[in-house]
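These notes concern the structure reproduced below.
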Amino acid sequence: MNHRVVMIDFDGTITQENIFPNIGAPRENVFKAINTLQERGWTCCLWTCRTGDTLEAAKNYLEENGVKMDYYNASPYDEKSYAGRKPIADIYIDDAAYPTVMVPNIILDWNKIVIELTGKPIYI
């Protein structure tokens with residue numbers, strides 16, 4: 001299996017803040033960034049603690065903003081039983097990950113993330 005899979009957290013990563021169960025404002029360029037990654041061959045998966053109605057609210061929020069993730073709380077590797085409870089991906093983007101949590105008020109720059117993963121900026 002030859003995937004380029006990115007797991008993306010929702011609260012605080014796609015949104016500016018974590019105000020679960022509510023949904024915060026989006027981070028700058030996040031929707032264009034996710035669409036750009038998909039256009040450039042990445043499989044984008046939403047990986048969140050949200051389930052049931054709160055997951056549906058996140059899906060609706062993304063779709064209302066022009067984003068359809070390839071997987072929700074799952075990975076293409078799941079189809080081959082490679083993963084257990086933790087999904088397998090090539091990259092994980094999460095506001096609570098190291099070193100982000102070590103730097104208070106860090107700004108996730110989605111254009112820099114796209115450049116890092118694809119070698120080219122988002123075309124805004």
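The values are calculated or read from the model by the stated rules, or taken from the named source; none is laboratory data. Computed from a prediction, not measured in an experiment: that's the story for all the values here. Neighbour counts run over all protein chains shown; Cβ positions are idealised from the backbone, glycine included. To get the accessible areas, we keep the full protein, side chains included, count just its heavy atoms, and leave off ligands, DNA and RNA. Shrake-Rupley method; radii C 1.70, N 1.55, O 1.52, S 1.80 Å.
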Cα-centred dipole magnitude for region 1-46, charges only on beta-carbon of K, R (+1) and D, E (-1), debye, nearest 20: 220 debye
Here the net charge surrounding Arg50, from other residues whose Cβ is less than 12 Å away from its Cβ (Lys, Arg +1; Asp, Glu -1), is -3
What lysines sit close enough to Lys32 to cross-link, taking a C-alpha to C-alpha distance under 23 Å and skipping anything fewer than 8 places away on the same chain? Lys59, Lys68, Lys112, Lys120
Which length gain, in nm to one decimal place, applies between Glu64 and Arg40 when the Cα-Cα distance is subtracted from 0.36 nm times their residue separation? 6.5 nm
Against the 2.2 N^0.38 Å rule of thumb, the C-alpha Rg of region 28-75 sits at a ratio of 1.11
Surface per residue (accessible, 1.4 Å probe) for region 26-77, Å²: 45 Å²
Taking 0.36 nm per residue of sequence separation and subtracting the Cα-Cα distance, how much length would be gained by fully extending the chain between Cys49 and Asp109, in nm to one decimal? 19.3 nm
